[in-house]
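Notes follow the structure.
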Amino acid sequence: MLGRDLYMIGIHSLRKTFKTGAEAVRAVDDVDLQVSEKEFFVLLGLSGSGKTTLLRCVAGLERPEAGEIFLGEQMVSSAERGIFITPEDRAIGMVFQSYAVWPHMTVFENVAFPLTDGKRRLPRSKVRERVMGALEMVQLSGLADRPVPFLSGGQQQRVALARALAVEPKVLLMDEPLSNLDARLREEVRDEIRSLAKKLSITVFYVTHDQVEAMALADRIAVMSAGKILQIGAPKDLYHFPLNRKVGEFLGSMNEFEGTLQSDGCVKTDLGVVSCTVPNGTAKEVIVAIRPEDVSLSRESSGLSNEFPAQLVSQLFLGDMTLCYLSANGKKLRGKTAGLDQQFEPGSSIYVRFPTEKLKIFPR
Amino acid sequence: MESMPTANSTLSLKPIPWGIDGSKVLLLGVAGIAALAIVGLLFTIVWMSLRTGVPGQPSPYTLSNYASLLTDPYSYRVMVTTLIFSAVTIAVSVPLGFVFAWLIERTDLPYKALAMSLLSIGVLFPTFLKAMGWVFLCHPRIGVINIFLMQLFGLTSAPLNIATLGGIGFVQGLTLAPLAYVMISAALRGMNPALVEAASVHGVNKWRTLVRVELPLVWPALLSAIIWMFTVAIAAFDVPGVIGMANNIFTFSTAIYFMINPNEGLPRYGLSGAYGTIMVGLSLILMIPYFVALKQSHRYQIISGKSYQSRPVELSRWWMLGWGLLGTYFLLAFVLPLLAIFWVSLLPYVQIPSRQALAAASFERYSAIAFDSALLQAALNTLLLMVVVPTLIVVMSSAISWIVTRSRLRWRVALDAIAFLPHPVPNLLFALAIAYFALLVSNVVPLYGTIFVLMAVYVICWISFGTRILNNSMIQVHRELEEAAQVGGVSTFRILYKVIVPLIRPGLVYAWIWTSLSAYRELTMAVFLASPKSQVLSTYIWGQWHGGGLGDAAAIAVIMMTVMSPLVTSFWIYARRQQHVASSAA
């Protein structure tokens with residue numbers, strides 16, 4: 001651990017296996033990652049990818065069987081050294097998927113309970129101030145004396161957030177906190193969480209399966225699948241430069257064509273020969289991928305490279321854009337046009353062009 | 001985070017072994033003691049069956065008890081008697097339970113809530129009192145109905161005889177009908193009404209739907225109810241004890257009682273152990289088909305969050321038949337036996353209601369027993385049990401249920417199974433085992449014959465009830481509610497009493513009151529253990545009854561029920577309200 005940077009969360013070679021009957025599922029498989037101080041870090045993955053298990057390991061709610069976890073400079077878990085700090089002794093706050101607000105307490109009592117009964121107890125005189133401050137942050141100060149079952153889902157979520165913030169944690173852990181809210185509310189709370197985290201300068205470790213939520217919130221995203229981290233990076237990097245097909249598909253839809261790498265550096269696909277920048281050492285059998293919004297559509301041929309004739313099969317008007325289903329040389333592909341400014345008639349012949357810099361090449 | 005990490009910053013940390021803290025050790029300890037007691041007492045039964053003589057005496061291990069059991073024609077008679085008794089009990093209770101369940105769950109019977117309340121409250125009244133009532137009604141010599149019928153028709157012999165195998169089976173069946181109703185109605189409620197509606201939509205009439213669709217779907221639940229009734233009948237002591245024993249009809253349970261309390265000679269602990277071992281084996285083997293049937297019935301049930309209401313069967317004018325049946329049942333099961341007891345308690349000797357009898361009626365017995373110091377002692381003992389037993393049960397069951405539903409210990413499933421054991425295994429065997437154990441250690445610890453032995457066995461046997469209730473309550477508390485407190489830095493013990501206990505309070509109160517009422521009415525275990533200084537109300541009545549003091553027994557029974565009525569009623573109101581709250585929360 002010598003020479004570590006100012007990491008708020010350090011995870012080294014972490015492993016956690018669950019046994020269900022005869023089967024053993026490796027939920028966290030040799031994971032390494034670091035979260036910097038004040039960073040908003042999002043762990044993105046499908047259900048069953050092990051992301052929640054990883055978060056729960058950091059919280060101390062699961063006990064890893066190998067590897068180490070640091071919170072700040074404190075080693076909170078090391079299977080090798082037999083160190084395991086229980087959750088109550090880790091200086092963390094956590095927001096749960098089910099909110100987990102105690103239904104037999106009021107809003108105030110929920111937020112105050114860890115401060116009056118927990119390890120990070122405050123003197124009685126300070127509790128009120130701290131609780132009201134936390135409720136203020138989530139705009140619930142008016143409802144302090146309300147029993148929580150009388151609150152809406154969104155309000156209960158805010159109580160859970162206030163409770164986690166009130167202990168002034170070094171690290172805030174959030175386990176799919178928005179998944180129980182309806183779509184409109186989700187966006188609203190999402191943006192509030194981001195601005196609150198930045199205002200308070202706290203480190204957030206956030207788990208979600210929703211890539212839009214991840215991109216909107218994160219400073220950095222780690223994509224997780226089958227217990228392993230596939231890629232870590234800023235949302236833009238992950239979106240535009242995925243290291244592999246899985247990450248690319250995870251962050252948004254892609255058109256994909258199987259192809260063979262030619263000696264001239266171009267890729268021969270069913271659509272035709274596509275010229276692109278191929279990284280050195282790429283295998284011969286590849287997949288060429290491009291996001292629908294990167295495909296440029298036009299009525300007339302532009303004469304540029306990577307342009308192919310296509311048929312417009314159908315289109316879906318989605319308000320802010322129109323999704324076009326196309327067919328080129330018998331291959332189906334999708335394109336997007338902004339709003340109403342570019343309209344084609346179904347069945348009409350058009351041209352699709354793949355800008356070289358937008359093409360992604362993955363090994364097959 | 002303010003300072004740079006240093007190489008030795010972690011070395012100052014004390015390693016904590018696998019998240020065990022003091023409160024978890026305490027919980028494990030409490031649960032462990034309970035589990036050990038249950039398993040220990042079951043082994044005691046088997047152990048005593050392999051020994052002869054009086055407890056404490058040196059004895060070689062021997063199979064002679066089993067040999068004498070197998071060669072004695074008496075044991076075969078007991079076995080056949082028990083089987084017939086169980087068959088009659090099932091034949092009476094299950095059809096009644098099914099009809100009640102069908103009327104209440106599937107039809108538009110008016111005043112359903114009243115019927116449900118009466119059935120549920122009826123369960124709580126002591127069975128041995130109802131049995132006494134039936135003796136006063138239909139005994140060939142003193143039965144009020146018999147005397148009445150003989151006078152009316154000029155008969156020379158009594159037309160009805162409750163003191164027969166069929167008679168005690170009938171009375172036991174009547175008292176168990178509400179239990180059968182509860183088990184079957186749960187199955188009917190869980191059944192997907194769309195299956196029935198599909199039949200009627202496609203032109204199948206009500207009767208055929210009942211026979212071809214509903215019954216086959218309910219059959220597994222019905223079968224599990226039948227098996228359960230069988231285990232209850234084998235274990236039943238109250239009715240065979242009150243009516244059968246005096247007339248030389250012995251089932252397993254009363255035969256064991258008679259071996260321990262013989263009219264002459266020494267108690268035969270070894271032989272009773274052999275009988276007990278067979279009963280334990282039988283009840284555990286019966287659990288296999290019981291759980292198989294139960295699993296099958298769960299497969300047929302719908303699991304849906306929405307309450308899916310089917311259109312009830314319209315009874316139209318037939319509702320009178322339904323209520324006629326329910327009314328007759330309540331009359332036979334409660335009203336008549338209890339009235340008979342009250343009537344007898346007013347008279348110097350048993351006679352049928354008449355003008356002369358009414359003239360002789362008085363409350364003299366009541367004023368006489370008011371000054372009975374032994375009765376006062378029994379009442380105080382009962383009160384002590386009613387407070388201490390439920391409290392211990394709630395504490396121990398909470399520990400067990402927390403471990404079973406919350407921890408990830410590998411042994412938690414075994415713990416749950418052990419806590420369940422006293423449910424199918426006849427409770428009188430636990431009483432027998434603890435009596436034997438107390439005698440064994442009586443030189444070291446003078447436990448035998450004290451109220452503490454009763455207390456211990458009640459707690460051990462009813463932990464099965466407490467854990468069933470509390471497992472259910474704790475499962476409904478989302479795990480994250482606990483984890484949120486953990487992350488907030490709250491210790492396990494504080495989480496338990498500040499988060500979990502308030503959330504499962506209805507379950508705790510329910511378990512407390514139910515076991516308290518059970519301690520009030522319990523007879524079976526008490527008669528095995530009560531000594532002159534550790535009498536309780538039920539054993540006091542039992543003593544009066546078998547000592548010939550029928551009138552006094554009746555008077556105390558009336559007092560007992562008078563005290564119990566408001567308790568039961570308030571319990572019922574509480575339980576209903578909680579149920580209402582629970583359903584509205586879901």
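The values are calculated or read from the model by the stated rules, or taken from the named source; none is laboratory data. Not measured: the values here are computed from a predicted model. Please note: Cβ atoms are built from the backbone with ideal geometry, for glycine as well, and neighbour counts cover all protein chains shown.
A single entry from B:PHE493, B:PHE465 fulfils the requirement of being of a type in the set (Phe, Trp, Tyr), within 14 Å of another protein chain (Cβ to nearest Cβ), over 30 Å from B:GLY56 (Cβ atoms) and in a helix (DSSP H, G or I): B:PHE493.
Taking region B:516-536 as the range and being outside any helix (DSSP H, G or I) and hydroxyl-bearing (Ser, Thr, Tyr) as the test, only B:SER531 passes. Condition check: away from every other protein chain (no Cβ under 12 Å) and either touching a helix residue (DSSP H, G or I) at 6+ places or on another chain (Cβ under 7 Å) or β-branched (Val, Ile, Thr) (or both). Does A:VAL42 satisfy that? Judged against the criteria, A:VAL42 is a match.
Restricted to region A:69-89, and to residues there that are assigned to a loop (DSSP other than H, G, I, E, B) and on the phi < 0 side of the Ramachandran plot, the residue that is nearest to the other protein chains (Cβ to nearest Cβ) is A:GLU73.
Do we have any residue at all in region B:199-212 that's in contact with a Phe, Trp or Tyr (Cβ under 7 Å, 6 or more places away or on another chain) and either in a helix (DSSP H, G or I) or modelled with pLDDT under 85 (or both)? Don't jump to the end; show me each part of the working.
Taking region B:199-212 and keeping what is in contact with a Phe, Trp or Tyr (Cβ under 7 Å, 6 or more places away or on another chain), we get none.
No - not one qualifying residue is present in region B:199-212.
Note on region A:159-192: residues that are in contact with a Lys or Arg (Cβ under 6 Å, 6 or more places away or on another chain) and under 14 Å from A:GLN97 (Cβ atoms) total 1. Scanning region A:304-325 for residues that are under 22 Å from A:LYS360 (Cα atoms) and loosely packed, with under 15 Cβ neighbours inside 10 Å yields A:LEU304, A:SER305, A:PRO309.
Looking at B:MET259, B:MET279, B:MET287, which is the one that is at pLDDT 80 or above, surrounded by 13 or more Cβ atoms within 10 Å (Cβ to Cβ) and under 18 Å from B:ALA221 (Cα atoms)? Outline the logic, then answer.
Working: B:MET259 fails: under 18 Å from B:ALA221 (Cα atoms); B:MET279 fails: under 18 Å from B:ALA221 (Cα atoms).
Within the list B:MET259, B:MET279, B:MET287, the selection yields B:MET287.
Out of all the residues in region B:133-146, is one or more within 26 Å of B:LEU222 (Cα to Cα) and surrounded by 23 or more Cβ atoms within 10 Å (Cβ to Cβ)? No, there is no match, as no residue in region B:133-146 is within 26 Å of B:LEU222 (Cα to Cα) and surrounded by 23 or more Cβ atoms within 10 Å (Cβ to Cβ). Only one of the listed residues (A:ILE85, A:ILE92) is out of contact with any helix residue (DSSP H, G or I) (no Cβ under 8 Å at 6 or more places or on another chain), closer than 26 Å to A:SER201 by Cβ and either of a type in the set (Val, Ile, Thr) or outside the structural domain of A:ALA197 (by TED's automatic domain parsing) (or both). That residue is A:ILE85. With respect to the conditions (1) in contact with a Gly (Cβ under 7 Å, 6 or more places away or on another chain); (2) of a type in the set (Phe, Trp, Tyr); (3) surrounded by fewer than 23 Cβ atoms within 10 Å (Cβ to Cβ), A:PHE70 lacks only one, and its number is (3).
Listed here are the residues, each with its yes/no results for (1) modelled with pLDDT of 90 or more; (2) of a type in the set (Ser, Thr, Tyr).
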site: B:PRO422; (1), (2): yes, no
site: B:PRO426; (1), (2): yes, no
site: B:ALA433; (1), (2): yes, no
site: B:TYR436; (1), (2): yes, yes
site: B:THR450; (1), (2): yes, yes
site: B:ALA456; (1), (2): yes, no
site: B:SER473; (1), (2): no, yes
site: B:PHE493; (1), (2): no, no
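Looking only at residues of region A:343-364 that are crowded, with 16+ Cβ neighbours inside 10 Å and assigned to a loop (DSSP other than H, G, I, E, B), we find that the one that is modelled with the lowest pLDDT is A:PHE344.
Tell me, yes or no, whether region B:472-485 has at least one residue that is more than 14 Å from chain A (Cβ to nearest Cβ), buried (at least 20 other Cβ atoms within 10 Å of the Cβ), assigned to a helix (DSSP H, G or I) and not polar (S, T, N, Q). Within region B:472-485 (the criterion being more than 14 Å from chain A (Cβ to nearest Cβ), buried (at least 20 other Cβ atoms within 10 Å of the Cβ), assigned to a helix (DSSP H, G or I) and not polar (S, T, N, Q)), the answer is yes, since at least one residue qualifies. Inspect region A:290-301 for any residue being among the β-branched types (Val, Ile, Thr), outside any strand (DSSP E or B) and touching a strand residue (DSSP E or B) at 6+ places or on another chain (Cβ under 6 Å) and give the result as yes or no. Among the residues of region A:290-301, at least one is among the β-branched types (Val, Ile, Thr), outside any strand (DSSP E or B) and touching a strand residue (DSSP E or B) at 6+ places or on another chain (Cβ under 6 Å), which makes the answer yes.
Conditions tested, residue by residue: (1) in a helix (DSSP H, G or I); (2) within 30 Å of B:ASN472 (Cβ to Cβ); (3) modelled with pLDDT under 90; (4) polar (S, T, N, Q).
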| position | (1), (2), (3), (4) |
| --- | --- |
| B:ASP552 | yes, no, yes, no |
| B:THR562 | yes, no, yes, yes |
| B:VAL568 | yes, yes, yes, no |
| B:ALA575 | yes, yes, yes, no |
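Residues satisfying the criterion are present in region B:393-408 (criterion: touching a residue at least 12 places away in the same chain (Cβ under 8 Å) and either under 30 Å from B:VAL558 (Cβ atoms) or of a type in the set (Asp, Glu) (or both)).
Among the residues of region A:90-120, write down those that are within 7 Å of chain B (Cβ to nearest Cβ) and among the hydroxyl-bearing types (Ser, Thr, Tyr). A:SER98 - this is the single residue of region A:90-120 that is within 7 Å of chain B (Cβ to nearest Cβ) and among the hydroxyl-bearing types (Ser, Thr, Tyr).
Looking at the structure I just gave you, is B:ARG412 free of Cβ contacts under 8 Å to residues at least 40 places away in the same chain and out of contact with any helix residue (DSSP H, G or I) (no Cβ under 6 Å at 6 or more places or on another chain)? So that I can check it myself, show each step before the final result.
Values: free of Cβ contacts under 8 Å to residues at least 40 places away in the same chain: yes; out of contact with any helix residue (DSSP H, G or I) (no Cβ under 6 Å at 6 or more places or on another chain): no.
It is false that B:ARG412 is free of Cβ contacts under 8 Å to residues at least 40 places away in the same chain and out of contact with any helix residue (DSSP H, G or I) (no Cβ under 6 Å at 6 or more places or on another chain).
Of all residues assigned to region A:350-364, none qualifies as being assigned by TED's automatic domain parsing to the domain that holds A:SER263, among the polar types (S, T, N, Q), out of contact with any Lys or Arg (no Cβ under 6 Å at 6 or more places or on another chain) and over 16 Å from A:HIS240 (Cα atoms). Criterion applied to A:LEU33, A:LEU61, A:LEU115 was being at negative phi, in contact (Cβ under 8 Å) with a residue 24 or more places away in the chain and either outside the structural domain of A:LEU200 (by TED's automatic domain parsing) or assigned to a strand (DSSP E or B) (or both), and the one residue passing it is A:LEU33. Checking the stated criteria, B:PHE250 turns out to be in the same structural domain as B:PHE128 (by TED's automatic domain parsing), in a loop (DSSP other than H, G, I, E, B) and either of a type outside the set (Lys, Arg) or modelled with pLDDT of 90 or more (or both).
Listed here are the residues, each with its yes/no results for (1) farther than 21 Å from B:ALA435 by Cβ; (2) touching a helix residue (DSSP H, G or I) at 6+ places or on another chain (Cβ under 7 Å); (3) in the same structural domain as B:PHE252 (by TED's automatic domain parsing).
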| position | (1), (2), (3) |
| --- | --- |
| B:ILE38 | no, yes, no |
| B:LEU42 | no, yes, no |
| B:GLN57 | no, no, no |
| B:THR82 | yes, yes, yes |
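Residues in region A:50-60: is at least one among the charged types (D, E, K, R), more than 9 Å from every other protein chain (Cβ to nearest Cβ) and surrounded by fewer than 17 Cβ atoms within 10 Å (Cβ to Cβ)? No, region A:50-60 contains no residue that is among the charged types (D, E, K, R), more than 9 Å from every other protein chain (Cβ to nearest Cβ) and surrounded by fewer than 17 Cβ atoms within 10 Å (Cβ to Cβ). Residues of region B:341-386 that are without any contact (Cβ under 8 Å) to a residue 60 or more places away in the chain and in contact with a Lys or Arg (Cβ under 9 Å, 6 or more places away or on another chain): B:LEU346 alone. Those helices (runs of 4 or more DSSP H) of region B:41-130 in which at least 2 residues are buried (at least 16 other Cβ atoms within 10 Å of the Cβ), under 22 Å from the mean Cα position of the chain (by Cα) and not aliphatic (A, V, I, L, M), considering only elements entirely within it, cover B:73-106, B:112-124.
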